[in-house]
1. Go through region 89-104 and give me each residue that's of a type in the set (Gly, Ala, Ser) and farther than 9 Å from residue 153 by Cα.
2. So, in region 227-270, exactly how many residues are of a type in the set (A, V, I, L, M, F, W, C), modelled with pLDDT of 85 or more and over 27 Å from the mean Cα position of the chain (by Cα)?
3. Does residue 81 count as closer than 24 Å to residue 219 by Cα and modelled with pLDDT under 95?
4. Could you please find all residues in region 219-253 being among the β-branched types (Val, Ile, Thr) and closer than 26 Å to residue 163 by Cβ?
5. Tell me, which helices (runs of 4 or more DSSP H) lie completely within region 143-260 with 3 or more residues that are open to solvent by less than 40 Å² (accessible area, probe 1.4 Å) and hydrophobic (A, V, I, L, M, F, W, C)?
6. May I ask you to verify whether residue 273 is at pLDDT below 90, of a type in the set (Val, Ile, Thr) and either out of contact with any Asp or Glu (no Cβ under 8 Å at 6 or more places or on another chain) or open to solvent by 100 Å² or more (accessible area, probe 1.4 Å) (or both)?
7. Yes or no: region 94-103 includes at least one residue that is closer than 27 Å to residue 192 by Cα, of a type in the set (Ser, Thr, Tyr) and modelled with pLDDT under 95.
8. Of the numbered conditions (1) of a type in the set (S, T, N, Q); (2) under 18 Å from residue 239 (Cβ atoms); (3) under 14 Å from the mean Cα position of the chain (by Cα), residue 129 fails exactly one; give the number of that condition.
Amino acid sequence: MSEFTNPDIGLDSTTPTGGFNFENVHRNALIESQLQKASTSSKNNITPLATKTGTTIVGLVYKNGIVLGADTRSTNDTTVADKNCEKIHYIAPNIYCCGAGTAADTEKTTELISSQMELLRMNTGDGQSRVVTACTMLKRMLFRYQGYVSAALVLGGCDVNGPHLYQIYPHGSTGKLPFTTMGSGSLAAMAVFEEGFKDDLEEEEAVELVKRAILAGIFNDLGSGSNCDTTVIRLDGTVVHGRNCIMPNEVKPLRDSVKRSDVLNMRKGTTAVLKSTFKPRKSGFGVTLADVTVTPMET
């Protein structure tokens, strides 16, 4: 009870050397209150909202390895920025990672951890990387930034201890699961997994189930779309990439079926040529090889 009876305890104004820092709490509350007052007085001043991104990424464990899947739509608010981006990132020869959230954050986060994993392999005898090591590196980095690195990840791979599948949230929390989904289309994909998943799936069954889950996200979530990518990581160390293995929104057949009117085609000679002349170059003008001075390079 000394902290209540002694008024000097707890009034130390020195900056702490470690732990969390809450010095901006009052500042943030003041900014939010000012923005709310401005939004009520004027329609032009509104409270800024976080940019939302859309993705469907999934992963599951089957009898002989891991299957990862992702859609290929990249969005910028309500605009489709890229119709065929890659969301399955390389971590190690036996480990891959699906990323949802801000595209730059997922790309650079996985690149950084991939580099650290390669340096670790070189320092420890160039052996096989452990999936739990990649998970630990990713969660430590994301927790350090307290969620401001917007990267929701599905990490999968096979090592000497068997197949492993982890889901990693942007704040650094993780979970090891037999199957998981993340992103804005995760609910639709999870419904397919919960209906069709069973233990000891064969590889063909697992890949088809992942494709169905990604298609559920593509057709039921506005933030997901375009094509379906898959990656199979086997216990024997082989990896199979299914880039654009399903293209449900292919527009080429539709465009080929449209017959344009021949009236719109401008044939040669449609515009009359009124005059055509040719003037040869006069001798003595211009630059020739004799005018070029070659200087030998100093070595």
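The values are calculated or read from the model by the stated rules, or taken from the named source; none is laboratory data. The model shown is predicted, which means the values in this text are computed figures rather than measured ones. For neighbour counting, all protein chains shown are included, and Cβ atoms are generated from backbone atoms with ideal geometry for every residue, glycine included. Accessible surface is based on the protein model in full, side chains and every heavy atom, while ligands, DNA and RNA are left aside. Shrake-Rupley method; radii C 1.70, N 1.55, O 1.52, S 1.80 Å.
1. 92, 103, 104 - these are the residues of region 89-104 that are of a type in the set (Gly, Ala, Ser) and farther than 9 Å from residue 153 by Cα.
2. Total satisfying the criteria: 2.
3. Yes: the conditions hold for residue 81.
4. Within region 219-253, 230, 231, 232, 233, 238, 239, 240, 246 meet the criteria.
5. Answer list for region 143-260: 186-196, 203-220.
6. Answer is yes for this residue.
7. Yes, the conditions are met somewhere in region 94-103.
8. (3)
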